[in-house]
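The next block holds one structure in the form of structure tokens; read it before the comments.
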Number of protein chains: 2
Amino acid sequence: MTVHLQPRPRGRPRGFDAANALEQALRVFWTRGYDQASVDLLCSAMEMPRATMYSLFGDKDGLFLAVVSHYAQTRLSFVAETLSSGNDLLQDLHAFFKGVVQLSTAGRDPAGCLISCVLADVAATNAEFRDERNRRFDALEQRLEARLLRDGWPTSGSCPANVAASLAAAMARGIVQRGRTGQSADDLYPVAISAAEALYRMRDTLPEK
Amino acid sequence: MTVHLQPRPRGRPRGFDAANALEQALRVFWTRGYDQASVDLLCSAMEMPRATMYSLFGDKDGLFLAVVSHYAQTRLSFVAETLSSGNDLLQDLHAFFKGVVQLSTAGRDPAGCLISCVLADVAATNAEFRDERNRRFDALEQRLEARLLRDGWPTSGSCPANVAASLAAAMARGIVQRGRTGQSADDLYPVAISAAEALYRMRDTLPEK
DNA sequence: CAATTTTTGAAACGAGTATTTCAAAAACCG
DNA sequence: CGGTTTTTGAAATACTCGTTTCAAAAATTG
């Protein structure tokens, strides 16, 4: 006997799994990119009729932005939280870059990062996507900078905190991109470890020469 | 009076500037990406009739691959040659990363790198492009590794030459991607300098712990 | 000039796209 | 059961895209 804690809504019940729909759409966008992910493909992956998709998300752009948000919540927050573990900086950096490798090599064919690969691409010809990309990119840099500042990283000198944060983000995105080319986690872990080490050593830079 | 060193070929002369056609197509692909660069747009930018484009390059894919090759010859070789200057390693690394910044912020709206941004994207759903991307990516890593080895960079230890080369490539591609988001050369130069420094310091890693 | 060769421009094709529309279906309420 | 509400599925719309075709144009050759 099925128990309905909340009474079933009025009209015809939905025939698709609402909780999993964005996850399925994510897989399509993730592996094929925006342009190559047709609405047909997306809807059949979600097992959702086109009419329903349009009533829920407005258009393909709206679905994509919802997917990006879903992706950030389910994938990126996990990586970002490595910077708030309570451990010391070097440990956090190691965890962060390892998380980046896991992110970009998880699953079978989906690889890379939906934001730094797929969203970054469509941003070229779509103002709304461009804004979204810029917000997401800036957010990572700011999160990294805040972590460095919390550790007493200097704000001036040859490698101030904001520059170090930009460098860390660049390393992360470069690693992610290599994940999308098919390199395995085993290939990328040594790179991630060296990235953490290389960044950490920049803190010891003398104020000026 | 025009002097023809080589006799004019047989039929109707071409009405477009053959020497500049690829350069114009490059601008379109570079700024708009592959899918958003329609054949109409490409041909009008090249001032070349569609029929001529198809007879010269076969199809849109063929034109794109020709553009990629043109791009590599006119843009990337300049950056790659910074690693063969005859100067010491640190100087070369500085020149390399500065070249990366210049590459990804040159021009007005075209930004980023045609290979690591545009080609990398279409590689998701096209096997031919995927091969081309992998070749180009591998080539950069190998060139970097060769430069490190020439300087006596160790091949074992915590950061062997191949790992350091992968890290350098990742940093470069991450910087390039930030150029595509609109960051200026002035924003990115400090990151480039820190990238060179950070990588250089990894050579001093002790063999094992 | 006539024949030949190559390029040109425009039209046409066929396939695929995002989006809209709407009657039928499937539930609930009274 | 009849009325209401929401979802469904399929058809239709309107458009863009990559590609092919081909007669006209513009040059050289004999």
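Rounding to the nearest 20 debye, state how big the charge dipole of the protein assembly as shown is about its Cα centre with +1 on each Lys and Arg Cβ and -1 on each Asp and Glu Cβ.
In total the dipole reaches around 740 debye.
Just read off the accessible area of A:Lys98 with the full protein assembly in place, 1.4 Å probe, to the nearest 10 Å².
90 Å²
Quick one: grab Rg to one decimal and Dmax as a whole number for the protein assembly as shown, Cα atoms only, in Å.
23.8, 96
Gaussian network model of chain B, Cα springs within a sub-10 Å range: biggest mean-square fluctuation belongs to which of B:Thr105, B:Thr74, B:Thr125?
B:Thr125
Please work out, to two decimal places, the log10 of the ratio I(q)/I(0) at q = 0.10, 0.16 Å⁻¹ from a Debye calculation in which every Cα of chain B carries one identical scatterer.
For chain B, the Cα-only Debye profile gives -0.52, -1.05.
So what are the ³J(HN,Hα) numbers for region B:33-43, from phi and the Karplus equation (6.51, -1.76, 1.60; θ = phi - 60°), rounded to whole Hz, Gly and Pro as x?
x, 5, 5, 7, 9, 7, 4, 4, 4, 4, 5
Calculate the mean, over all residues of peptide B:97-104, of how many other protein chain Cβ atoms lie within 10 angstrom of the residue's Cβ.
0
Could you state the per residue volume, in Å³, of the convex hull enclosing the Cα atoms of region B:1-97?
162 Å³
If you fit an axis through the alpha-carbon atoms of helix A:161-180 and take the longest principal axis of the Cα set of chain A, what angle between them do you get, 0 to 90°, nearest 10?
The answer is roughly 50 degrees.
Hey, for A:Ser77 with labels 7 Å out along Cα-Cβ, what do the inter-copy distances come to in nm, ordered shortest first?
The answer, with the shortest distance listed first, is 5.1 nm.
Connecting C-alpha atoms closer than 10 Å in a GNM of chain B, tell me which of B:Arg135, B:Arg32, B:Arg14 has the biggest fluctuation.
Largest GNM mean-square fluctuation: B:Arg14.
Using only the alpha-carbon atoms, how far is helix A:185-201 inclined from the longest principal axis of chain A? Give it as 0 to 90 degrees, nearest 10.
Helix A:185-201 and the main axis of chain A meet at about 40 degrees.
In degrees, nearest 10, range 0 to 90: what is the angle between the Cα axis of helix A:127-150 and the longest Cα principal axis of chain A?
40 degrees
What average count of beta carbons from other chains do you get within 10 Å of the Cβ of residues in A:36-44?
Whole-number average of other-chain Cβ neighbours for A:36-44 is 1.
Of B:Ala111, B:Ala198, B:Ala185, which has the largest mean-square fluctuation in a 10 Å C-alpha GNM of chain B?
B:Ala198
Label-to-label distances across copies for A:Glu23, with labels 7 Å out along Cα→Cβ, in nm, shortest first?
5.3
Would you mind giving the mean number of other chain beta-carbons within 10 Å of the Cβ of each residue in B:150-163, as a whole number? Walk me through the numbers before you get to the answer.
Numbers: counts 0, 0, 0, 0, 0, 0, 0, 0, 4, 6, 2, 0, 3, 9.
Neighbouring Cβ atoms belonging to other protein chains average 2 per residue here.
Once the label point is set 7 Å along the Cα-to-beta-carbon vector, what list of distances in nm do you get between B:Asp59 and its counterparts in the other copies?
2.9
The values are calculated or read from the model by the stated rules, or taken from the named source; none is laboratory data. Keep in mind that what you see is a predicted model, and the values were worked out from it rather than measured. Ideal geometry is used to build each Cβ from the backbone, glycine not excepted, and the neighbour counts take in all protein chains shown. Side chains are part of the model used for accessible areas, which takes the heavy atoms of the whole protein and leaves out ligands, DNA and RNA. Shrake-Rupley method; radii C 1.70, N 1.55, O 1.52, S 1.80 Å.
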